Each structure stands twice: as C-alpha cells, then as structure tokens.
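Asks: Here you go, one structure.
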Amino acid sequence: MSSTAIVSASDENYQDAVKAAVPLLRAGEVVALPTETVYGLAGNAFDPLAVAKIFSAKERPSFDPLIVHVAHRADLERVCVIPEDIQPTVEKLLNAFWPGPLTIVLPKHPDVPDLVTSGLGTVAVRQSANKIFRAISKELGQPLAAPSANRFGRISPTSAGAVMRELEGRIPLIVDGGACSEGLESTIIHLTAGEKRPTITILRPGPITKEMLQNFGKVERPKRPRDGSAPTAPGMLPSHYAPRTPLLLIENAADFRPQPGKRYGLLSYTGEPGKGYVSLHRWAAMETLSPGNGKLPEAALRLFHLLRKLDEAELDYIVAEPVSEVGLGVAIMDRLRRAAAPI
C-alpha cells in the first residue's frame with residue numbers, strides 16, 4: 001500500500017496545494033480536492049489513464065459516468081456542444097448559478113474520452129465555486145473529472161479526514177480545504193427545448209432546488225431507475241450514499257419495530273424530545289441534523305458527516321427520521337432513500 005499525503009489550503013492561501021497537486025495531475029495521477037459540495041477525486045478529464053485510476057481507486061463500475069469540472073466558462077466548448085435550441089436557457093442558468101452546485105448534462109465534445117461518459121453521447125459538466133479546486137484546474141490547464149472522493153456507493157466525504165478514511169493508500173494526495181460549505185452533491189439537470197418554455201429535468205436533486213429553477217423552464221423529475229439498470233447520467237443509481245451499518249428510513253413513526261437486543265442509533269431532524277422520533281426508543285446513539293427548529297440548509301450541510309459518525313458508533317441499525325420534503329429537503333430525502341437498506 002502506498003502512502004497518502006495531506007496538504008492544507010484555504011481560500012486565501014492555496015499556493016502550496018497548487019504546487020503539490022498540479023505536478024501529480026500532469027503525471028496522470030488522481031488527487032482528492034475540496035469543492036463546495038463534497039470532496040472530489042480529480043483527474044485530468046482528457047487523460048483516459050487518469051480517468052481509469054479514478055474508477056479503480058473508488059471501485060466504481062465503468063457504467064457510471066463522471067462529472068467534468070471546468071475552471072473557466074470558456075472551457076465548455078472543449079467539453080460539450082450546446083444545441084442552439086437550448087443555448088439561451090443554458091446561458092441564463094450559467095449566469096444565475098455558475099460557479100456553483102449546478103451540473104448540466106449536454107452533448108459531449110468528441111475529444112472527451114468515452115470512459116468519462118461511460119460511452120454515453122452526453123457529458124455532465126459544472127464549474128465549482130471552490131477557489132482551491134478552480135485554482136488547481138486553472139494551473140493544470142485542463143478540465144477535471146471528479147466524482148466524490150469515497151469508495152463507490154458509500155457516504156460522500158465532506159472533510160479531508162473522511163477522504164483519508166475512505167481512500168488512504170489508494171491515492172497520493174488529499175488537499176485539505178476544510179469542511180465543505182454545502183454538504184450535498186450538486187443538482188444535475190438535463191434540458192430539452194419546448195414550444196413556449198424549455199423542460200428542465202432534475203436528474204439528481206441538490207442545493208439548486210426545483211423552486212430556484214422554475215424561473216428558467218418547466219421543471220420535472222424523471223422516473224427513478226431500477227436496480228441493475230445502467231445510469232444515463234451521474235447520480236442516477238437507485239442505491240448509493242450508504243453507510244456500512246444498515247440504514248432504516250422510517251417515514252412513519254408507527255412503523256418502527258425494534259428487534260430485541262439490537263443497538264439502534266437515531267439520525268434525528270431536530271432532536272426535540274416532543275417532536276419526531278426522539279422518544280420512540282432508548283437510542284444507543286443519536287445525532288441531530290438541525291437542532292431546534294429544523295433548518296434544511298443546516299441539515300443538508302451536516303447529513304453526510306453525521307451519517308459517518310453513526311456508522312462508526314458500532315450500531316446494528318441506524319434509523320433516519322424524515323425531513324420536510326420541500327426545497328433542500330427533497331435532496332436530503334433523495335440521499336436517505338438511496339442509502340437505506342430494504343425493510
């Protein structure tokens with residue numbers, strides 16, 4: 001097993017991180033980098049060998065495509081081809097949400113390796129708002145393919161320490177930019193032209209919510225793919241984000257039937273004794289997404305971190321309490337449903 005180094009960086013001081021990461025990326029290696037959503041495992045998107053190392057380090061199946069991150073909006077033309085009938089809408093979305101946690105699926109440029117897109121004719125592309133990530137990509141001079149920096153199907157990492165626990169010995173470098181500011185992966189959308197308004201299909205809910213997108217077109221969600229079917233874009237697999245400990249998403253408190261002798265932990269929404277599931281059971285451990293009033297942005301930011309804490313608490317089961325399914329709550333519930341074990 002090779003060693004994995006960590007270099008610290010901040011939005012104001014990231015030159016050491018750039019000097020450490022860029023030579024590795026130029027040599028075809030992969031590096032874990034912070035974004036505003038979760039930590040990404042980055043490699044040169046135009047280097048098929050580097051992209052293959054991403055799949056290998058994550059143990060990710062080759063049928064699951066990657067997101068490509070551009071440092072400059074001008075780099076879009078190197079990665080994708082924007083159809084004329086949706087170009088005005090794409091421009092409006094980029095002006096509103098880039099750099100930021102919005103990924104758009106567009107027809108791919110022929111130069112993008114098929115491994116990046118899993119053979120699909122489309123590519124998912126975004127521009128991260130994280131200054132460290134963008135500085136490294138700018139210095140490299142290439143777009144970066146960068147899925148979450150964790151083992152395939154596991155809890156997404158929102159800190160450098162979480163990346164180390166997932167990928168130590170598998171990658172040469174982790175750039176520690178502190179905790180991620182969003183905590184949930186980017187929203188992924190696909191656009192189709194319409195007679196009056198374009199249709200925006202949300203392939204994966206995230207920080208850019210349905211309500212935020214409604215000014216740009218008719219917004220809809222696709223049917224959820226079945227287990228075993230190949231995804232048509234990143235973030236489409238029905239089972240994902242799972243802890244090692246079986247997670248039970250109990251959407252109705254009356255359905256909770258604990259087994260005798262088993263240790264249960266609770267992922268509570270507000271942690272209030274008179275609300276939700278706190279008083280249902282003598283929990284062996286409990287973590288709270290948003291103590292008190294239940295603020296969805298705070299819950300989204302803490303979700304993966306607290307799931308990881310409960311996963312390390314030597315429990316038999318983690319019980320997740322549902323959150324309000326509006327705004328960011330849609331994305332939180334999406335992650336919980338895909339992380340949940342069959343009941």
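Asks: Can you confirm whether segment 317-336 contains a residue that is crowded, with 20+ Cβ neighbours inside 10 Å, charged (D, E, K, R) and out of contact with any strand residue (DSSP E or B) (no Cβ under 9 Å at 6 or more places or on another chain)?
Replies: yes
Asks: Still on this structure, please answer the following. Does Pro238 count as in a loop (DSSP other than H, G, I, E, B) and surrounded by 15 or more Cβ atoms within 10 Å (Cβ to Cβ)?
Replies: Taking the combined requirement at face value, the residue does not satisfy it.
Asks: Looking only at residues in segment 21-79 that are part of a loop (DSSP other than H, G, I, E, B) and of a type in the set (Ser, Thr, Tyr), which one is surrounded by the fewest Cβ atoms within 10 Å (Cβ to Cβ)?
Replies: In this case the residue turns out to be Ser62.
Asks: Can you tell me which residue among Ala285, Ala300 is in contact (Cβ under 8 Å) with a residue 60 or more places away in the chain and among the hydrophobic types (A, V, I, L, M, F, W, C)?
Replies: Ala300
Yes/no matrix, rows are residues, columns are (1) more than 17 Å from the chain's Cα centre (by Cα); (2) within 25 Å of Leu76 (Cβ to Cβ); (3) in a helix (DSSP H, G or I):
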residue	(1), (2), (3)
Ile171	yes, no, no
Glu182	no, yes, no
Arg197	yes, yes, no
Ile208	no, yes, no
Val219	yes, yes, no
Ala233	no, yes, no
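Asks: Turning to a different aspect of this structure: Which one of Ser128, Ser62 is at negative phi, among the hydroxyl-bearing types (Ser, Thr, Tyr) and modelled with pLDDT under 95?
Replies: Within the list Ser128, Ser62, the selection yields Ser62.
Asks: If you don't mind, there's one more thing I want to ask. Spot the failing condition for Leu303; the list is (1) modelled with pLDDT of 95 or more; (2) touching a Gly at 6+ places or on another chain (Cβ under 8 Å); (3) over 27 Å from Thr201 (Cβ atoms), and only one is missed.
Replies: Going through (1) modelled with pLDDT of 95 or more; (2) touching a Gly at 6+ places or on another chain (Cβ under 8 Å); (3) over 27 Å from Thr201 (Cβ atoms) one by one, Leu303 breaks only (3).
Asks: Could you go through segment 99-109 and let me know if any residue there is under 19 Å from the mean Cα position of the chain (by Cα), surrounded by fewer than 18 Cβ atoms within 10 Å (Cβ to Cβ) and not aromatic (Phe, Trp, Tyr).
Replies: No, there is no match, as no residue in segment 99-109 is under 19 Å from the mean Cα position of the chain (by Cα), surrounded by fewer than 18 Cβ atoms within 10 Å (Cβ to Cβ) and not aromatic (Phe, Trp, Tyr).
To keep it simple, each residue is scored yes or no on (1) part of a loop (DSSP other than H, G, I, E, B); (2) exposed (fewer than 14 other Cβ atoms within 10 Å of the Cβ).
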site	(1), (2)
Leu248	no, no
Ala254	no, yes
Pro260	yes, yes
Leu267	no, no
Pro273	yes, yes
Gly276	yes, no
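Asks: Also, quick follow-up: Output the qualifying pairs, or none if there are none: Cβ atoms under 9 angstrom, residues six or more apart or on different chains, first residue in segment 98-123 and not assigned by TED's automatic domain parsing to the domain that holds Val30, second residue at pLDDT 95 or above and in a strand (DSSP E or B).
Replies: Short answer, once both residue conditions are applied: none.
The values are calculated or read from the model by the stated rules, or taken from the named source; none is laboratory data. Predicted model only: the values in this text are computed from it and were never measured. Positions of Cβ are backbone-derived with ideal geometry, glycine not excepted, and every protein chain shown enters the neighbour counts.
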